[in-house]
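**Student:** Sending over a structure as structure tokens; questions will come in a sec.
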Amino acid sequence: MKQNHLIARAKQLLDAGELVAIPTETVYGLAADATNLEAVDKIYKVKGRPSNNPVILHFASLEAATPYILDITEEAQKLAAAFWPGPLTLLLPKSAKVPDRITAGLPRVAIRVPNNELTLTLLGQLSYPLAAPSANPSGYISPTTAEHVTRQLGHKVSLVLDGGPCDQGLESTIFGWDGEGRPTVYRKGTITEEAIAQVLHSIPRTHTTKTIEAPGMLSSHYAPHTRTLITEDLVATIEEHKDTNFGVIALDSKMETKGLNHLIVLSIGGHLPEAASNLYSAMHQMDTKGLDLIIIEKAPDFGIGKAINDRILRATGGIKKKAP
């Protein structure tokens with residue numbers, strides 16, 4: 001009953017043009033009625049989000065999304081069937097129903113169906129999609145708990161729907177087709193290139209230019225306030241900074257015997273999905289300790305490890321310490 005009351009309250013606030021933080025399987029989103037431009041502008045103002053950074057539209061189903069896109073190809077339908085609800089965002093040609101503010105004037109709109117029961121129930125009761133980038137100040141670490149949202153945005157959000165910790169912990173994979181019709185990953189996530197290739201029977205390319213064509217493509221993003229390094233050799237990097245007040249975020253448990261004062265292990269066995277789900281939470285914890293430096297271990301560069309490394313590199317501004 002309490003959950004139904006919260007969903008009803010969230011709908012009331014969204015209908016009135018207010019902002020509500022919503023849980024998803026990836027990160028918490030800062031949601032507003034996507035058809036209400038004043039409400040969408042509140043998202044940009046509260047986050048301090050650059051106007052050239054588009055936002056994702058969230059729907060209860062592919063059918064609900066159909067009026068907002070010009071065309072959905074057979075390949076796009078296959079991907080939706082395979083991964084929705086889930087952490088895949090499709091970048092498709094937008095219809096006239098999508099305001100330019102949502103897409104930053106670009107011709108394609110990013111859409112997805114999130115895999116969270118609370119938010120899916122809410123979306124099913126709305127007559128409009130939700131525009132919802134991550135519920136944090138622009139450029140900072142994305143929130144994966146309700147507490148993260150409250151600590152970062154506080155009274156700027158009318159309601160935080162607490163759906164518990166996010167299962168995936170990294171923003172959705174963004175996928176589309178480039179100007180030449182080639183399948184392209186615009187942002188890496190837990191839906192990997194290999195998983196997409198199994199559905200499409202072709203390996204997607206990775207978007208490499210600096211041109212912003214989808215949400216979440218800024219080179220500096222998801223970053224703690226504390227200076228952060230990524231390393232392939234934790235021992236060497238720790239030795240290099242031994243006179244610094246530092247914390248370590250390790251991929252697995254091999255560093256637990258090193259007697260470090262500030263250590264968070266992402267996955268005892270180095271399990272990449274678990275490491276991904278814990279990454280942002282670990283970064284939030286380290287960023288509250290008053291450290292001079294956070295050192296994060298690079299993941300193996302395959303599968304979900306590519307998405308983990310993408311987020312760490314954006315958090316470090318591209319600083320990378322390589323093994324000798």
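The values are calculated or read from the model by the stated rules, or taken from the named source; none is laboratory data. Note that the structure is predicted; figures quoted are calculated from it, not measured. Ligands, DNA and RNA are excluded from the accessible area calculation, which covers all protein heavy atoms including side chains. Shrake-Rupley method; radii C 1.70, N 1.55, O 1.52, S 1.80 Å.
**Student:** Would you tell me the accessible area of Lys254, worked out with a 1.4 angstrom probe on the heavy atoms of the protein chains, in Å² to the nearest 10?
**Tutor:** Its accessible surface works out to 110 Å², give or take rounding.
**Student:** Now for a separate question. Pairs of Cα atoms under 8 Å, at least six residues apart: use those to get the relative contact order of region 131-280, whole percent.
**Tutor:** Computed value for region 131-280: 21 percent relative contact order.
**Student:** Amide H neighbours of Ala31 under 5 Å, counting only residues 5+ apart in sequence or on other chains, H built in-plane at 1.01 Å?
**Tutor:** Placed amide hydrogens put Val20, Ala21, Ile22 under 5 Å from Ala31.
**Student:** Please list the three semi-axes, largest first and in whole Å, of the ellipsoid equivalent to region 164-207, using sqrt of 5 times the eigenvalues of its alpha carbon gyration tensor.
**Tutor:** With the √(5λ) rule applied to region 164-207, the semi-axes are 22, 12, 6 Å.
**Student:** Of Lys47/Lys94; Lys11/Lys78; Lys188/Lys298, which sit over 20 Å apart, Cα to Cα?
**Tutor:** Lys47/Lys94; Lys11/Lys78
**Student:** Full extension from Asn261 to Glu117: what is 0.36 nm times the residue separation minus their Cα-Cα distance, to one decimal in nm?
**Tutor:** 48.0 nm
**Student:** While we're here: Give the relative contact order (percent, whole number) for the chain; include only Cα pairs under 8 Å separated by 6+ residues.
**Tutor:** That works out to 19 percent.
**Student:** I would also like to ask the following. So what's region 23-181 giving for Rg/Rh, alpha carbon basis, Kirkwood Rh from the mean inverse pair distance?
**Tutor:** My calculation puts Rg/Rh at 0.94.
**Student:** Using alpha carbons only, what's the Rg to Rh ratio of region 172-324 with Rh from Kirkwood?
**Tutor:** Computed over Cα atoms, the ratio is 1.01.
**Student:** Would you grab the residues whose amide H sits under 5 Å from the one on Thr228? Only those 5+ places off in sequence or on another chain, please, with H modelled 1.01 Å from N.
**Tutor:** For Thr228, whose amide H was placed from the backbone, the distant partners under 5 Å are Ile294.
**Student:** Sticking with this structure for a sec: Among the aspartates and glutamates, select those whose C-alpha is under 16 Å from the C-alpha of Lys210, and discard any that sit fewer than 8 residues away in the same chain.
**Tutor:** Candidates past the 8-residue exclusion: Asp178, Asp310.
**Student:** For the chain, which whole percent of the accessible surface, found with a 1.4 angstrom probe, sits on carbon and sulfur atoms?
**Tutor:** 50
**Student:** May I pose another question? So what is the accessible area of the chain per residue, in Å², with the probe set to 1.4 Å?
**Tutor:** Accessible area per residue, the chain: 42 Å².
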